[in-house]
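Reviewing the structure listed below.
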Amino acid sequence: MTIHYEVSGKGYPVVFLHGYGETHKIWNHYRERLSDKYKVITPDLPGFGKSDSLPYELSLDMVANSIYDCLKRLNVSECIIMGHSLGGYVTLEIAKRFPNIVSHIGLIHSTALADSDEKKEGREKSIEFIQKHGVAKFIESFVPMLFDDSHRDKLKDTIQSIVDEGSKIPEKTLTDYMLAMRDRSDSLDFIKEFEGSILFVYGEKDSSIPVALSKSQIKYMKHPYLKNLPRTGHMGMFEEEEEVFQAISKFIEVTHK
């Protein structure tokens, strides 16, 4: 299978993984701006964008394997990995399964906690909606709600671009990943033991991951770098792009000596 990716720059490798219903394009501005100092790699997760779907039953550990294989083909022996939402879950899986390749991680509007019963029920309802109404209608309703309403008007072109890309995603990809997220394991024990630094970016207005849930994990991290975004939902890399860029840039600079 083929994993599509974009790569820019030279130097220490930094990998950015996109979230659910997205493609590598959400990280384009970050790749462009960081590529003067680092080798920045932005893959499409299997089934998203231009990447092939997995040829077997989808699980987050299998997704992690596919991204690891892609990095090995690029001769990456060590890197920092950052993931948005679903991309954060995959980041955690890669760090668990292949600790030698991951020096530090970034969780951008993501969580080390497994789904609650309520969250699992919500995922199952989303699957039913996708199967009944189709991909386009789901993406059109799903994407805008990731942004806090205070940002939706000024970012309407960005939102529409994400919707346009997301509407091309195969139905099976969306439903399979929804199941994989529902069934993923808890990673709290892992972050308690992880010796690297963790950039943890969270939004006070995030309806997908409530702020109390985000804050509850911080005490388990050995070396946390925190970025709290008071006016932001689930898409801080757009809602507060400059703040998030500076947090990421400083994190890489401080942790990569």
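The values are calculated or read from the model by the stated rules, or taken from the named source; none is laboratory data. If you're wondering where the values come from, they're calculated on a predicted model, not measured in any experiment. FYI the Cβ positions are ideal-geometry reconstructions off the backbone, even for glycines, and counts take in every protein chain you see.
Does at least one position in region 113-131 carry a residue that is of a type in the set (Gly, Ala, Ser), within 13 Å of Ile209 (Cβ to Cβ) and surrounded by 13 or more Cβ atoms within 10 Å (Cβ to Cβ)?
Initially, region 113-131 is screened for residues of a type in the set (Gly, Ala, Ser), giving 114, 116, 122, 126.
Those left that are additionally within 13 Å of Ile209 (Cβ to Cβ): 114, 116, 122.
Next cut, surrounded by 13 or more Cβ atoms within 10 Å (Cβ to Cβ) only: 114, 122.
Checked region 113-131: at least one residue is of a type in the set (Gly, Ala, Ser), within 13 Å of Ile209 (Cβ to Cβ) and surrounded by 13 or more Cβ atoms within 10 Å (Cβ to Cβ).
Tell me yes or no: at least one residue of region 75-88 is at pLDDT 95 or above, surrounded by fewer than 17 Cβ atoms within 10 Å (Cβ to Cβ) and part of a helix (DSSP H, G or I).
no
Do any residues in region 221-232 that are in contact (Cβ under 8 Å) with a residue 40 or more places away in the chain have Cβ atoms under 9 Å from those of residues that are assigned to a strand (DSSP E or B) and of a type in the set (Phe, Trp, Tyr), where the two are at least six apart or on different chains, and which pairs are they?
As it stands, the answer is Thr232/Tyr202, since those pairs meet every condition given.
Would you check which residues across region 15-54 are among the small types (Gly, Ala, Ser) and either more than 17 Å from Val163 (Cα to Cα) or over 10 Å from the mean Cα position of the chain (by Cα) (or both) and list them? Before the answer, list the steps.
In the first step, residues of region 15-54 are kept if they are among the small types (Gly, Ala, Ser); the result is 19, 21, 35, 47, 49, 51, 53.
The answer is Gly21, Ser35, Gly47, Gly49, Ser51, Ser53.
Looking at Leu107, Leu92 in this structure, which one is in contact (Cβ under 8 Å) with a residue 60 or more places away in the chain and in a strand (DSSP E or B)? If you could, list the steps in order and put the result at the bottom.
Values: Leu92 fails: in a strand (DSSP E or B).
It is Leu107.
For Tyr56, all conditions in the list (1) in contact with a helix residue (DSSP H, G or I) (Cβ under 6 Å, 6 or more places away or on another chain); (2) in a loop (DSSP other than H, G, I, E, B); (3) among the hydroxyl-bearing types (Ser, Thr, Tyr) hold save one; what is the number of the exception?
It is condition (1) that Tyr56 fails.
Quick one: how many residues across region 33-65 are among the polar types (S, T, N, Q) and surrounded by fewer than 21 Cβ atoms within 10 Å (Cβ to Cβ)? I'd like the intermediate steps shown before the answer.
Of region 33-65, the ones among the polar types (S, T, N, Q) are 35, 42, 51, 53, 59, 65.
Those left that are additionally surrounded by fewer than 21 Cβ atoms within 10 Å (Cβ to Cβ): 35, 53, 59, 65.
So the answer is 4.
When you go through Leu199, Leu107 one by one, which is the residue that is surrounded by 13 or more Cβ atoms within 10 Å (Cβ to Cβ) and more than 18 Å from Leu45 (Cβ to Cβ)? Let's see the steps before the verdict.
Values: Leu107 fails: more than 18 Å from Leu45 (Cβ to Cβ).
Just one listed residue meets the conditions, Leu199.
Suppose we keep only residues that are among the hydroxyl-bearing types (Ser, Thr, Tyr) and outside any loop (DSSP other than H, G, I, E, B) within region 163-178. Which one would you say is nearest to Ser208 (Cα to Cα)? Before the answer, list the steps.
Filtering region 163-178 for residues among the hydroxyl-bearing types (Ser, Thr, Tyr) gives 167, 173, 175, 177.
In the following step, the residues that additionally are outside any loop (DSSP other than H, G, I, E, B) were identified as 173, 175, 177.
Values: Thr173: 20, Thr175: 18, Tyr177: 16 Å.
The qualifying residue nearest to Ser208 (Cα to Cα) is Tyr177.
State which residue pairs qualify: first residue part of a loop (DSSP other than H, G, I, E, B) and inside region 128-149, second residue at pLDDT 95 or above and among the hydrophobic types (A, V, I, L, M, F, W, C) in any location, beta carbons under 8 Å apart, and separation of 6 or more residues or different chains.
Val143/Ile159; Val143/Ile162; Val143/Val163; Phe147/Leu155; Phe147/Ile159; Phe147/Met235; Phe147/Phe238
Let me spell it out: the conditions are (1) of a type in the set (S, T, N, Q); (2) within 26 Å of Glu253 (Cα to Cα); (3) loosely packed, with under 14 Cβ neighbours inside 10 Å, and Ser141 meets all of them except one. Which number is the exception?
Failed condition: (2).
State all residues of region 24-53 that are out of contact with any strand residue (DSSP E or B) (no Cβ under 6 Å at 6 or more places or on another chain) and closer than 21 Å to Ala95 by Cα; if no residue qualifies, say none.
Answer for region 24-53, where residues must be out of contact with any strand residue (DSSP E or B) (no Cβ under 6 Å at 6 or more places or on another chain) and closer than 21 Å to Ala95 by Cα: Asp44, Leu45, Pro46.
Looking at Lys119, Lys154, Lys168, can you tell me which residue is within 20 Å of the chain's Cα centre (by Cα) and within 19 Å of Ile26 (Cβ to Cβ)?
Values: Lys119 fails: within 19 Å of Ile26 (Cβ to Cβ); Lys154 fails: within 20 Å of the chain's Cα centre (by Cα).
Result: Lys168 is the single residue among Lys119, Lys154, Lys168 that is within 20 Å of the chain's Cα centre (by Cα) and within 19 Å of Ile26 (Cβ to Cβ).
For region 222-239, enumerate the residues that are out of contact with any Leu (no Cβ under 7 Å at 6 or more places or on another chain) and either surrounded by fewer than 21 Cβ atoms within 10 Å (Cβ to Cβ) or modelled with pLDDT under 95 (or both).
Result: Lys222, His223, Pro224, Leu226, Asn228, Pro230, Arg231.
Give the residue that is nearest to Ala114 (Cα to Cα), with candidates limited to residues of region 179-215 that are without any contact (Cβ under 8 Å) to a residue 60 or more places away in the chain and part of a helix (DSSP H, G or I). Even if it seems obvious, please write down each step before you answer.
Start the filter on region 179-215 by keeping residues that are without any contact (Cβ under 8 Å) to a residue 60 or more places away in the chain, which leaves 189, 192-193, 195, 204-205, 210-212, 215.
Among the residues that remain, those that are also part of a helix (DSSP H, G or I) are: 189, 192-193, 211-212, 215.
Numbers: Asp189: 12, Lys192: 15, Glu193: 17, Val211: 16, Ala212: 15, Lys215: 15 Å.
So, considering only residues that are without any contact (Cβ under 8 Å) to a residue 60 or more places away in the chain and part of a helix (DSSP H, G or I), the one nearest to Ala114 (Cα to Cα) is Asp189.
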